[in-house]
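S.K.: Below is the structure I would like to discuss, written out as structure tokens.
The values are calculated or read from the model by the stated rules, or taken from the named source; none is laboratory data. Predicted model, so just to flag it, every value in this text is computed and none were measured. Methodologically, a virtual Cβ is constructed for each residue, glycine included, from the backbone with ideal geometry; neighbour enumeration extends over all protein chains shown. Note: accessible area is taken over every heavy atom of the protein model, side chains too, but ligands, DNA and RNA are not part of it. Shrake-Rupley method; radii C 1.70, N 1.55, O 1.52, S 1.80 Å.
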Amino acid sequence: MSIPTAGAGGFVRRWRDAAAIPLSDAGDIVGFGGKVLWSAIRHPFGYWGEVRNQLFDALRLCWFPLLISSTAFGLGVVGIQAGNLLALLGVPERLGSLMVVGSVREFGPWIDAMIVAGVVGTAMTADLGARRTREEIDAMEVLGVDALRTLVVPRVIAMIIVTALMDMVSLACGVIGGYIGAVPIHGADAASFFQLFFANSTTIDIWATVAKTALFGLIIGVVCSYKGFTASGGPVGVGRAVNQAVVIAFAATWIFNAVFTAILLGLNPAMQAFK
């Protein structure tokens, strides 16, 4: 049985519209991010006091959840689960090598981004969304105040800095969790564990993970700021904006992480060899 022409056209039109909406939203977010970066670079003065305040608030909110999550993930996923296999092979010390891939390159930055997006990003979206629905941002624009530079630029810069800084805490806690799994639980030699860890760690690994998390912070900051800055529909609209912001931020960081890691390993094939 053939599908009627009108029905087929309506079906195609619905799918086209469904695909166009997220693409249009992505384009708006990229354009918004370009405006934020241009405002910050064009005149890099006058907002650092607010950046400091936002940075302190983010650190206060994030440090404890990040410490617990990174340590538990390093202990449970790498230290215990991967350690079981390596202990069966008689080489639990090799967890030191695995921690470079598990903690430094992947789950350390990933947990850092998820905690920052879920804690600070949602708070940022809710704050900006509330200001928009209360018409505070509209009042600032009527008075000639650049709301983008005043409210958004300091938050995005603080997000970039705090995500890069907290990455080092995440890496350290992840390695501690892996050490607990390797040495006290599986009986690995502590000196061999750290010898293998530092033998496989490179300067590129450290710089790459800091750069990656800084870009994670940029993505999270721009997405969450955009959703809050353009929120509408009262309290329900703010809640919807928070949900959309955290989902988009998670998905964008996952996609970016896959692309970044593929490029990094492609440019540095020696990083794929374990010593």
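S.K.: Within the range 24-81, how many residues turn out to be in contact (Cβ under 8 Å) with a residue 40 or more places away in the chain, among the hydroxyl-bearing types (Ser, Thr, Tyr) and assigned to a helix (DSSP H, G or I)?
M.R.: 4
S.K.: Here's something else I'd like to know. Exactly one condition in (1) under 28 Å from Ile219 (Cα atoms); (2) open to solvent by 50 Å² or more (accessible area, probe 1.4 Å); (3) of a type outside the set (Asp, Glu); (4) outside any loop (DSSP other than H, G, I, E, B) is false for Ile160; which is it?
M.R.: So Ile160 meets the others, but not (2).
S.K.: Give the residues of the range 79-103 that are under 21 Å from the mean Cα position of the chain (by Cα) and either over 22 Å from Thr209 (Cα atoms) or of a type in the set (Val, Ile, Thr) (or both), sorted by residue number.
M.R.: The answer is Val100, Val101.
S.K.: Those residues that are in a helix (DSSP H, G or I), touching a residue at least 24 places away in the same chain (Cβ under 8 Å) and open to solvent by 50 Å² or more (accessible area, probe 1.4 Å), I need them from the range 176-195; list them, please.
M.R.: Ile176, Tyr179, Ile180, Ile185, Phe194, Gln195
S.K.: Which residues, taken from the range 20-66, are surrounded by 15 or more Cβ atoms within 10 Å (Cβ to Cβ) and polar (S, T, N, Q)?
M.R.: Ser39, Gln54
Conditions (1) assigned to a helix (DSSP H, G or I); (2) open to solvent by less than 50 Å² (accessible area, probe 1.4 Å); (3) under 29 Å from Phe197 (Cβ atoms); (4) aliphatic (A, V, I, L, M), marked per residue:
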residue: Arg94; (1), (2), (3), (4): yes, no, yes, no
residue: Met99; (1), (2), (3), (4): yes, yes, yes, yes
residue: Val104; (1), (2), (3), (4): yes, yes, yes, yes
residue: Ala113; (1), (2), (3), (4): yes, yes, yes, yes
residue: Ala117; (1), (2), (3), (4): yes, yes, yes, yes
residue: Thr125; (1), (2), (3), (4): yes, yes, no, no
residue: Ala130; (1), (2), (3), (4): yes, yes, no, yes
residue: Asp138; (1), (2), (3), (4): yes, no, no, no
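S.K.: Those residues that are open to solvent by less than 20 Å² (accessible area, probe 1.4 Å), over 12 Å from Ile29 (Cα atoms) and within 20 Å of the chain's Cα centre (by Cα), I need them from the range 227-249; list them, please.
M.R.: Matches in the range 227-249: Ala241 only.
S.K.: List pairs: first in the range 150-175 and touching a residue at least 24 places away in the same chain (Cβ under 8 Å), second charged (D, E, K, R) and open to solvent by 10 Å² or more (accessible area, probe 1.4 Å), Cβ under 6 Å, 6+ apart or cross-chain?
M.R.: Pairs that qualify, where the first residue is touching a residue at least 24 places away in the same chain (Cβ under 8 Å) and the partner is charged (D, E, K, R) and open to solvent by 10 Å² or more (accessible area, probe 1.4 Å), are Pro154/Glu50.
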